[in-house]
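Below is one structure; the comments refer to it alone.
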Amino acid sequence: MNPTAAPTATIERRTGLSAGEFRRRYLHPHQPVVISDALAAWPALARWTPQFFQDRYPAKQVTAGGQTHALGALMDHVLRSTKDDPAPYLRNEPLADLFPELLPDIQPPPAYLSPNWLNRPLTHPDVAQLNRGAKIELFIGGAGQSFPVLHYDGLCTHAFLMQIYGRKQYFVYAPDQTPFMYPVPGDPNRSQLNDVESPDLEKFPLFAQARGLTFTLDAGEMLFVPGGWWHTVRMLTPSITLSVNSANSSNWRMLSRDLCRQVYRIHPSRKKRLKLAAYLGAQRALNTLKDWAGSPS
Ligand SMILES: O=C(O)CCC(=O)C(=O)O
């Protein structure tokens, strides 16, 4: 690892954090945090392991690393995965599509996830994609495997990463580090750099100036990555994680800006962009009222 390019600081870890303090200290100011007891009540913590998936669903076909695998064989590889022979990463699979019968194992939902405006009805045709963003996604991988890209989540949505089993090492950089992140031209939330631990500083010299956070996430812990924060991860052991994306009054302006830019690139019509901006503004007002009235999620 090149020490000049390594993230230097660590993250705040909290227990017993109320939903109100989470919103005031972390959500609205866009500060990342690990909440160490967020998932304590979930049956999944005592139940889900690679072995559990292997025993229960040996023949189920899943996609990982761009190929189809029988889950039993994939879990076998996850359990013996190493840096030299990493198991393909099963990732971003909607849990409710793959294993709907396991949803009771992740109840109750942590209060920090609400409100999530991505769960509310969105009728404009250009924003239907947002509802997908609120789906709970499943990640299962083995030691030595990494998330393939340094990135921030699309449309500056917030990410909640919930560790069910095993241990991961995260690398997180604030939005003010973007000048050192080498975004892919035309794809501003993905970096061209995919290895933050051994970066190619000849190709990406400015990355040597990047300052970020690195820390482990253990079973039972939840990581909040605010919208616009760059992040990536490496697995230290076999690992099972869930993720949810969210938007609400804390990041709706950023989301609206990015969505209008995206739609404008596809349909370069000023009228269409203004209509979308008006729709997103109306949703902001409506959802703010719903939050005040205490609507769920
Ligand atoms: O694999 C992981 O834990 C990281 C997932 C992630 O970065 C994301 O879903 O945005």
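The values are calculated or read from the model by the stated rules, or taken from the named source; none is laboratory data. Note that the structure is predicted; figures quoted are calculated from it, not measured. Neighbour counts run over all protein chains shown; Cβ positions are idealised from the backbone, glycine included. All accessible areas refer to the heavy atoms of the entire protein, side chains included, with ligands and DNA or RNA removed. Shrake-Rupley method; radii C 1.70, N 1.55, O 1.52, S 1.80 Å.
Taken over the stretch 237-278, the residue count meeting the criterion of being more than 18 Å from the chain's Cα centre (by Cα) and either among the β-branched types (V, I, T) or not in a helix (DSSP H, G or I) (or both) is 8.
Candidates G142, G133: the one that is modelled with pLDDT of 95 or more, small (G, A, S) and surrounded by 19 or more Cβ atoms within 10 Å (Cβ to Cβ) is G142.
Summed over the stretch 150-185, the residues that are within 15 Å of the chain's Cα centre (by Cα), of a type in the set (V, I, T) and over 14 Å from W229 (Cβ atoms) give a count of 1. Of the residues making up the stretch 197-211, those that are surrounded by fewer than 22 Cβ atoms within 10 Å (Cβ to Cβ) and either among the hydrophobic types (A, V, I, L, M, F, W, C) or within 16 Å of the ligand (Cβ to nearest atom) (or both) are E197, L201, F204, L206, A208. On the basis of being in contact with a strand residue (DSSP E or B) (Cβ under 6 Å, 6 or more places away or on another chain) and open to solvent by 10 Å² or more (accessible area, probe 1.4 Å), does T216 make the cut? For T216, the condition - in contact with a strand residue (DSSP E or B) (Cβ under 6 Å, 6 or more places away or on another chain) and open to solvent by 10 Å² or more (accessible area, probe 1.4 Å) - is met. In this structure, N251 qualifies as within 30 Å of W48 (Cβ to Cβ), open to solvent by less than 30 Å² (accessible area, probe 1.4 Å) and away from the ligand (no atom under 12 Å from the Cβ). Scanning the stretch 158-196 for residues that are more than 15 Å from L242 (Cβ to Cβ), within 14 Å of the ligand (Cβ to nearest atom) and among the aliphatic types (A, V, I, L, M) gives V172, V196. The residues listed here are Q107, Q54; of these, the one that is surrounded by 14 or more Cβ atoms within 10 Å (Cβ to Cβ), over 30 Å from L280 (Cβ atoms) and polar (S, T, N, Q) is Q54. Count of the stretch 117-139 residues, restricted to those that are within 10 Å of the ligand (Cβ to nearest atom) and not aromatic (F, W, Y), is 1.
Close Cβ contacts (under 9 Å, 6 or more residues apart or on different chains) running from residues in the stretch 120-133 that are touching a residue at least 12 places away in the same chain (Cβ under 8 Å) and closer than 20 Å to L95 by Cα to residues that are basic (K, R) and open to solvent by 60 Å² or more (accessible area, probe 1.4 Å) comprise R120/K290.
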